[in-house]
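Enquirer: Take this structure first; my questions come after.
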Amino acid sequence: MLPDPTTYRPLSIGQKHRLVFSTIMRNEGDKFLHQVISHAARYVDAFLVVDDCSTDNSIEVCRDAAGSVPLYLYSPPQPLYVRSEFYIRSLQW
């Protein structure tokens, strides 16, 4: 579930900056997904993943590799990338 965009507040001076890893994926579980996420987990404050209806274990791989780093996952009910790349990329923002 993605955070509610209406609650977004820009950082004020003096607040800690945050680094969020954001990606769109589909059926990446048997590729380099675990290595990429686990490596990035050492440096990022959160993960934002839009899963475009994976049929493999991609979601489980993300959850495992993220460890204790918060993982915000959005998985639409039907594939979106083939319909509109712009729309699925807008979900990241």
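The values are calculated or read from the model by the stated rules, or taken from the named source; none is laboratory data. These numbers come from a predicted model, not from an experiment. When we count neighbours, we look across all protein chains shown, and the Cβ atoms used for this are built from the backbone with ideal geometry, even at glycine. Surface areas here come from the heavy atoms of the whole protein model, side chains and all, with no ligands, DNA or RNA. Shrake-Rupley method; radii C 1.70, N 1.55, O 1.52, S 1.80 Å.
Enquirer: Looking at the chain, what helices (runs of 4 or more DSSP H) fall wholly within it and have at least 1 residues that are at pLDDT below 90 and open to solvent by 20 Å² or more (accessible area, probe 1.4 Å)?
Expert: 85-90
Enquirer: Also, I was wondering about something else. Could you give me the residue pairs with C-beta distances under 7 Å whose first residue belongs to the range 16-36 and is closer than 18 Å to Val69 by Cβ, whose second residue is at pLDDT 90 or above and aromatic (Phe, Trp, Tyr) wherever it lies, and which are 6+ apart or on separate chains?
Expert: Listed by first residue and then by second, the contacts come to Leu19/Tyr43; Phe21/Phe47.
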